[in-house]
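> Once you've had a glance at the structure underneath, I'll fire off some questions.
Taken together, the values in this text are just the output of simple stated rules run on the coordinates, not laboratory data. No experiment lies behind these values; they were computed from the predicted model shown. Please note: Cβ atoms are built from the backbone with ideal geometry, for glycine as well, and neighbour counts cover all protein chains shown.
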Amino acid sequence: MKEIVIDSSNHDQRFDRFLRKYFKMQPGIALADIYRGIRNREITVNGKKSKEDYRVRNRDVIKIDDAFFEGKDADKKPAVKKSLPIDVNYVKSLILFEDDNWLVFNKPTGISIHPSDNEHKQRSMHDLLRAYIPATGGTFNPSFGYRLDKETSGVLIAGKTYNSLQYINEIIRKREIQKEYLAVVVGRFPRQLSLHKPLKKIFSTKFQRGKTVVSDIEDEEGKESTTHCEVRKIFQHPILGPISLVKVHIETGRMHQIRVHLADAGFPVLGDMLYGHPRINRLLLEQVKLKHIFLHCWKYSFWDLFSENPVAFEAAIPVHFDLILKK
């Protein structure tokens, strides 16, 4: 039996995320093993079965039963991965704002927040953050307060202190943050449109990855999701046909929420290979010669507890937006 006592540096983390970090250096234990261990009561909190999204508290006691380790190579060491050289000046060129508490990036499209096993040769935003602020080896290192999809560009905020990271996590949970996106979608978008359909995550055997789908209201796995949209301009592209520039405000932050809601409404995001329009995407790639998704986190606004002022961070739209909208 292994016993872990939660301290203040891990307070208020999701149970499953804490375990993922705890087992990070043991590649013989997969994510599926962790979830199975939680379901089978092999990993408990304060002697009781807990849900994956339980938020661990200071002095909680996590117990890992010996049965959890049976049949797993827990002593397997992680492979040493060659780190790609990172130009710190390039990292600095992505920074929109920095003070003692916040580090705000304009994330490029096509780069993941965290490295994955099948992308270890590609740089992640985590790699760029560590190149700019090296890890200290202590219990806290500056980290991003939320995720953007690999394909999505725009405002990405890291907390430089434990308190600022906890604060942004808290205001996101309480929905005290304003998140605005810009998207180019297929079709002639109506003046305004609000979407309220619940969403749930599934595993796609076709794409061999997680994806999000609209669920029935009666489905207990479906989570409340709200997306508000307002058209900015409608264009007639010579190859792609009618496309629209849309401003999107989300009240919730489900995985792929904007992409799924817009696709379900009949206006898929241009360049979205997972949820988008296959024929239009093929034209975009083969004739327009662009392979990006047209979704950009444009603006993040919230009350800054530390400066005691409202703050708003904006990221200029990427070049590929200009290229498609000026055709």
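> Ranked highest first by the average count of other Cβ atoms within 10 Å around their residues, in what order do 50-60, 253-263 fall?
Answer by packing, highest mean first, reads 253-263, 50-60.
> Relative contact order of the chain, please, whole-number percent, based on alpha carbon pairs below 8 angstrom and at least 6 residues apart.
For the chain, the relative contact order is 14 percent.
> Compare the peptides 313-326, 174-187 by average per-residue count of other Cβ atoms within 10 angstrom and give them in order, highest first.
Result, highest mean Cβ count within 10 Å first: 174-187, 313-326.
> For K24 paired with M255, estimate the spin-label separation in nm (one decimal), with each label point 7 Å from Cα along the Cα-to-Cβ line.
Rounded to a tenth, the inter-label distance reads 1.9 nm.
> Cα-based Rg of the chain per 2.2 N^0.38 Å, rounded to two decimals?
1.07
> Let me ask something else. List the residues whose amide H sits under 5 Å from the amide H of G154, counting only those 5 or more places along or on another chain, with H placed 1.01 Å from N in the peptide plane.
K107, C297
> Calculate, in whole percent, how much of the Cα-Cα pair population of region 88-173 lies beyond 15 Å.
58 percent
> So if R0 is 25 Å, what FRET efficiency would D219 and T44 give, r being the distance between their Cβ atoms, rounded to the nearest 0.05?
It comes to 0.35.
> Can you work out the FRET efficiency for the pair I239 and W303, with r the C-beta to C-beta distance and R0 = 51 Å, to the nearest 0.05?
0.70
> Could you order peptides 205-211, 272-278 by the average number of other Cβ atoms within 10 Å of their residues, highest first?
Going from most to least packed, we get 272-278, 205-211.
> Can you tell me the length gained on complete extension of the stretch R232 to T161, counting 0.36 nm per residue apart and subtracting the Cα distance?
Contour length minus Cα-Cα distance gives 21.8 nm.
> Let me ask something additional. Using +1 on the beta carbon of Lys and Arg, -1 on that of Asp and Glu, and nothing else charged, what's the dipole of the chain about the Cα centre, debye to 20?
860 debye
> Between K289 and F203, what is the label-to-label distance in nm when each label sits 7 Å out along the Cα-to-Cβ direction?
In this crude label model, K289 to F203 measures out at 4.1 nm.
> Considering only the other residues whose Cβ falls under 12 Å of the Cβ of G47, what net charge follows from Lys and Arg at +1 and Asp and Glu at -1?
Counting the neighbours of G47, the net charge comes to +1.
> Magnitude of the Cβ-charge dipole of region 88-173, K/R +1 and D/E -1, about the Cα centre, nearest 20 debye?
Charge dipole of region 88-173: 120 debye, to the nearest 20.
> Out of all DSSP beta bridges in the chain, what portion is antiparallel? Express it as a percent rounded to 5.
Counting only bridges with both partners in the chain, antiparallel ones make up about 95 percent.
> Tabulate in residue order the Karplus-calculated ³J(HN,Hα) for region 212-220, using 6.51 cos²θ - 1.76 cosθ + 1.60 with θ = phi - 60°, rounded to whole Hz; enter x for Gly and Pro.
Taking θ as phi minus 60°, the curve returns 10, 10, 6, 10, 5, 4, 6, 6, 5 Hz for region 212-220.
> Hey, what number do you get for the chain at 222 nm if only DSSP H runs of n ≥ 4 count, each worth -39500 (n - 2.57), divided across all residues, to the nearest 500?
So the calculated ellipticity at 222 nm is -6000 deg cm²/dmol.
> Can you give the net charge of the other residues whose Cβ lies under 12 Å from the Cβ of W303, counting K and R as +1 and D and E as -1?
Cβ neighbours under 12 Å give a net charge of -3.
> Next question, about the same structure. Any idea how far apart D87 and R57 come out in nm if each label point goes 7 Å out from Cα toward Cβ?
Roughly 5.1 nm, to one decimal.
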